[in-house]
Amino acid sequence: SISVDHEDLSVIGCACLVTTPIPEVLTYFRSPRRSQPVWELQLGPEVPVLLDPQGHADVRLIRFFRRSRYAALARSTREAYALDLRLFLNFLALRETRWDEASSDDLADFEQWRRRDPSNPARIGGARWNRALAALRLFYDWAAQQRLISGNPVVTRSVQLPGGATADSPVLKAKDVRTSNVKWLTLRAYQTWRNVGLLGYGIDGLPEKNWRGRNDGRNAAFADYLVTSGLRRRECGSLLLIELPDDSAGQRYHMGRVAGAVAKRAERYYWVKDSAVRATQTYVATTRKDAVRRARCAGRYEALSQRWLVSKISNRGVLTWTTLAGEVYTAPLSALGPRERGLLYRESPDGGGIEPLSLWVTDAGMPMDFHCWGTIFDQASRRCAALGKPIRCTPHMLRHSFALHMLVALQYAFDRRMGLTPQERRHYRLVFGDVWTMVKDLLGHRSVETTKAVYLEPVTGLQVDHLLNGRDTDEVDDLLTRLADRSGLVIDDREAVAP
């Protein structure tokens, strides 16, 4: 339970961060000095609760997490911001200062300690500090708007933007920020990592005799889906069976849609390679089917304390489901986040019983938490390193690799090698936009500047335009190999052996 002192809600700092695992209503009935209920607070899923060293929570902090712009941020951003705020409150607690009394001097001292104090064993760089500063600014701007503080510790100044407009920027904002710290894999390096790390092959291209990977088909299908679609780990890891693109058209790429509650910002369409869709369908028909069968035999689905059985899916993507309590609900598919999707089940088309609607399931047949893929990728990278192929790969690196490949491929398509006249190239750019805009749309970025600065900025420094003006016989893979030769950011494997 969480105790709340109604008489003194201005607590000092916090000792821990608690998140509610499931939607529930926490009611704080009585304060020591009152006989009537004080207040009720409904906490949704994954709402942070900051506790002070005495185990008390501040209702104003909870209100910030539930009612401010914080609640509309992406899940990963919310998690990071909550931890940043917790650390600052702990810093204030050591100074015996309440958060609503913090001054600009307190924040300046915090910045000094986080970034430059030799006594701090875990100092951070400019980019990490700017993220923490953004979290504190969001919180204190909200507190000022709610008239909870007399002065904002996050001091700002007016700066002029490139277009001539002005904006307020924090005085303590770091300037030594590395805009991009990404690494990419060429197709050849990815295939080596995939075959050795996920599928159990040796570096000689032959299957390892002692390999016991029961989920290798699932893991390889997931990785292929990422690298050929550019989806984020959260987006791909939250897909449902009914969201798998239809491959009946016989095209090289198929169009899918990312739900708004799963995407980082808004619902969008994406393209994924036909081979990745077929590999995923094979996983559904084999590895996944076996896992679901084992779960049924073990009675795991019947033992669930919470399960939503879908009875109808409308043409407009509205789901109707029934809870274990017999309550019937409806909601658009696009409005269901990762956790809610993990509660969805259906009657299997083969008549064998119920099954999860989640596309990716564990070996036990239960819906996978998309965070688990980070561990799976780490294990694959360690296996590669142990066999003499030190290729490290993360889910987000596959997104970077997709972006780089598409940048080069699209530029190649607009280049003279496709036989387009200058007039035809101008026409295509007017209709479809330039290459950066097209890659921005594929990645689901808000602006072209984000695409250039965060993901693909190193490409400019490597003079890709010069590389693309090479021999007419060069293919996209050849260009990426030449790019890898010039940069430590692009990982290649010239000694790869195909299985």
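Just so you know, all these numbers are worked out from the coordinates, no wet-lab data involved. Predicted, not measured: the structure shown is a model, and the values here were computed from it. Positions of Cβ are backbone-derived with ideal geometry, glycine not excepted, and every protein chain shown enters the neighbour counts.
Whose amide H sits under 5 Å from the amide H of residue 318, counting only residues 5 or more places off or on another chain, with H placed in the peptide plane? Answer set, sorted by chain and number: 333.
Placing a label point 7 Å from the Cα of residue 334 along the Cα-to-Cβ direction, the residues of the range 231-259 whose backbone N falls under 12 Å of that point are 257-259. With a Förster radius of 30 Å applied to the C-beta separation of residue 165 and residue 63, the computed FRET efficiency comes to 0.40. Across the range 46-156, the volume of the C-alpha convex hull divided among the residues equals 115 Å³ per residue. Taking the Cα centre of each part, how many Å lie between the range 316-377 and the range 207-227? So the separation of the two Cα centres works out to 23 Å. If R0 equals 60 Å, the separation of the Cβ atoms of residue 109 and residue 208 corresponds to a calculated FRET efficiency of about 0.65. As a calculated quantity, the FRET efficiency between residue 124 and residue 311 at R0 = 41 Å, using C-beta atoms, amounts to about 0.25.
Fully extending the segment from residue 117 to residue 147, taken as 0.36 nm per residue of separation minus the present Cα-Cα distance, adds 7.5 nm.
Per-residue 3J(HN,Hα) values for the range 306-312, derived from phi via the Karplus relation 6.51 cos²θ - 1.76 cosθ + 1.60 with θ = phi - 60°, read 9, 7, 10, 8, 6, 10, 7 Hz in sequence order (x marks Gly and Pro). Full extension of the chain segment joining residue 285 with residue 348 gains 21.4 nm, where the gain is 0.36 nm per residue of separation less the Cα-Cα distance. Between residue 297 and residue 278, the modelled labels are 3.1 nm apart [label points 7 Å from Cα along Cα→Cβ]. Label separation (residue 255 vs residue 304): 3.2 nm, computed from points 7 Å beyond Cα along the C-beta direction. Between residue 325 and residue 387, the modelled labels are 5.1 nm apart [label points 7 Å from Cα along Cα→Cβ].
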